[in-house]
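Peer 1: One structure coming up, written as structure tokens, with questions to follow.
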Amino acid sequence: MDRGKREVILDEIEYWRENRLLPGHYCDFLMNLYDVDQERGDKKVLSMNSLQQGNIRTWIFTFIVVCFICLTILYFATFPFLVQLVCIPLFTALCYTGGIRLRTRNALASSFLLAIGSLLMLGLGIFLIREHGMDERVFITLLVLGCALIWCILGYIISSPVLLYIGFGAFVLLYAGFFAQVKPVASWLMLQGLWLPISLLLMWFCWLVHHRGKKLAAVYFTTSLAVWFMPEIDEVFLRGQMPEAFALFCMVKVALICIILFVLRKKWIAWVAA
């Protein structure tokens, strides 16, 4: 059998292993059967199997990468301004490139790299704004808005739940912060009116996209459930208000959402279940 066909078969066996479609020892047997040159294990330096098996090259590579990132972050403030501007997109692009390349072969490593890249972009951006005395209220808002757009657009393009969750979370924070500035004191009913339509809109998006992809539908569904309880979170943590019947309100909303999910269980499970 030529090398190209063997590579296709080996990729399929690796997919079976990662998605647990076959027991691990069956996959090992098939890999040894088709990987006659024993090159497969050497190509993937960074994988969960190589970490588990104690591959010395994998551990050394991981150690070097972690040390490089830590040293760069520790001494980031000493870099010239232009170097700082270059480092942020460079590190983010490297993490995103690795995450995109691994998304079909190693979902865990892909999600980890995408999350690290997102945190570096936001964290180093905030540090840069504060280090150079920029107007934090304006520039941090623009930074979070820009990051949220990048995360949502890229997450939608590559079907990454991690980026979509982070992007939606950033938009939620911007929405909450804006209305906290506009209306520092708000009644419980007003907060329900601010947040519940967003929750229902996300649920509608879940129904709208479930034919295209269950992952994306699941992101909209879980985000909708989180936003359902945002009025209470907004009231307590952003505005410092605690109504007397707060616990009763929370119990009523929990009971209400449980009843709705129970009645509509056949519909929403079909939307999000892969």
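Peer 1: For the chain, report the accessible area per residue in Å² (1.4 Å probe, heavy atoms, rounded to an integer).
Peer 2: Details: 17070 Å² over 274 residues.
Averaged over the residues of the chain, the accessible area is 62 Å².
Peer 1: Then there is this: Do any of K183/K267; K214/K253; K5/K267 go past 31 Å between their Cα atoms, and which?
Peer 2: Values: K183/K267 37 Å; K214/K253 26 Å; K5/K267 42 Å.
From K183/K267; K214/K253; K5/K267, over 31 Å: K183/K267; K5/K267.
Peer 1: Can you give the angle from 0 to 90° between the axis of helix 246-263 and the longest principal axis of the chain, with both taken from C-alpha atoms, to the nearest 10?
Peer 2: Result, in degrees: 50.
Peer 1: Once you order the gyration tensor axes a ≥ b ≥ c over the Cα atoms, which shape class does region 215-274 get: rounded for a/c under 1.5, otherwise prolate or oblate by comparing a/b with b/c? Intermediate values should be presented prior to the final figure.
Peer 2: Details: a/c = 6.17, a/b = 1.84, b/c = 3.36.
Since a/c reaches 1.5 but b/c is at least a/b, the shape of region 215-274 is classed as oblate.
Peer 1: Separate question: How high is the relative contact order of region 57-196? Use alpha-carbon pairs under 8 Å, at least six apart in sequence, and give a whole percent. It would help to have the intermediate numbers written out before the result.
Peer 2: Numbers: 91 pairs, mean separation 21.4, N = 140.
Dividing the mean separation by the residue count of region 57-196 yields 15 percent.
Peer 1: How much net charge surrounds M190 when only the other residues with a Cβ under 14 Å from the Cβ of M190 are counted, with Lys and Arg +1 and Asp and Glu -1?
Peer 2: For residues surrounding M190, the net value is -1.
Peer 1: Near C250, within a Cβ-to-Cβ distance under 14 Å, what is the net charge of the other residues, with Lys and Arg +1 and Asp and Glu -1?
Peer 2: -3
Peer 1: Further, regarding this structure: Quick one: among Q84, Q181, Q241, which has the greatest mean-square fluctuation in a GNM of the chain with alpha-carbon springs under 10 angstrom?
Peer 2: Of Q84, Q181, Q241, the Gaussian network model singles out Q181 as fluctuating most.
Peer 1: When the chain is modelled as a GNM with alpha-carbon springs shorter than 10 Å, which of P231, P89, P243 fluctuates the most?
Peer 2: Residue with maximal mean-square fluctuation among P231, P89, P243: P243.
Peer 1: Let me ask something additional. Ignoring any ligand, DNA or RNA, what whole percent of the accessible area of the chain comes from carbon and sulfur when the probe is 1.4 angstrom?
Peer 2: 73 percent
Peer 1: Can you compute the modelled spin-label distance between Q181 and L201, with each label point 7 Å from Cα toward Cβ, in nm?
Peer 2: Once both label points are built, they end up 1.9 nm from each other.
Peer 1: Sticking with this structure for a sec: Measure nothing but the geometry: give the 0 to 90° angle between the long axis through the Cα atoms of 3-18 and the longest principal axis through the Cα atoms of the chain, rounded to 10°.
Peer 2: On a 0 to 90 degree scale, this one is about 40.
Peer 1: Here is a follow-up. I233 versus F61, label points 7 Å from Cα toward the beta carbon: distance in nm?
Peer 2: The two pseudo-label positions are separated by 3.7 nm.
Peer 1: Label region 89-237 by shape, choosing from rounded, prolate and oblate, from the square roots a ≥ b ≥ c of the eigenvalues of the Cα gyration tensor; if a/c is under 1.5 it is rounded, and otherwise prolate applies when a/b is larger than b/c, oblate when it is not.
Peer 2: Because a/c hits 1.5 or more and a/b fails to exceed b/c, region 89-237 counts as oblate.
Peer 1: Given the -39500 (n - 2.57) contribution per DSSP H run of 4+ residues, what per-residue ellipticity at 222 nm results for the chain, rounded to the nearest 500 deg cm²/dmol?
Peer 2: Working: 14 runs with 214 residues, N = 274.
Taking each H run of at least 4 residues, the total per residue is -25500 deg cm²/dmol.
Peer 1: Right, next: Net charge around S110, counting only other residues with Cβ within less than 10 Å of its Cβ (Lys, Arg = +1; Asp, Glu = -1)? Each step should come with its number before you reach the end.
Peer 2: On the way: positive: R101, R103, R105; negative: none.
Around S110, the surrounding residues sum to +3.
Peer 1: Springs between alpha-carbon pairs under 10 angstrom, Gaussian network model over the chain: which of P80, P161, P197 fluctuates most?
Peer 2: P80
Peer 1: What list of ³J(HN,Hα) values in whole Hz, one per residue of region 197-211 in order, does the Karplus curve 6.51 cos²θ - 1.76 cosθ + 1.60 (θ = phi - 60°) give from phi, with Gly and Pro shown as x?
Peer 2: My calculation for region 197-211 gives x, 5, 4, 5, 5, 5, 5, 5, 4, 4, 5, 5, 9, 5, 6 Hz in order.
Peer 1: Stretch V252-L71 to full length: gain in nm at 0.36 nm per residue minus the Cα-Cα span?
Peer 2: Fully extending the segment from V252 to L71 adds 60.2 nm.
Peer 1: Could I ask something else about it? Rounding to the nearest 20 debye, state how big the charge dipole of the chain is about its Cα centre with +1 on each Lys and Arg Cβ and -1 on each Asp and Glu Cβ.
Peer 2: Using only the charged Cβ atoms, the result is roughly 600 debye.
Peer 1: Just how much of T141 is accessible, in Å², when a 1.4 Å probe is used and the result is rounded to the nearest 10?
Peer 2: Per-residue accessible area (T141): approximately 70 Å².
Peer 1: Students often get this wrong: which residues of region 79-118 have the backbone nitrogen under 13 Å from the point 7 angstrom along Cα-to-C-beta of I157?
Peer 2: Within reach of a label on I157: 93, 96-97, 100-101.
The values are calculated or read from the model by the stated rules, or taken from the named source; none is laboratory data. Computed from a predicted structure; not experimentally measured. Every residue, glycine among them, receives a Cβ derived from its backbone with ideal geometry; neighbour counts consider all protein chains shown. Calculation scope for accessible area: heavy atoms of the full protein, side chains included, ligands and nucleic acids excluded. Shrake-Rupley method; radii C 1.70, N 1.55, O 1.52, S 1.80 Å.
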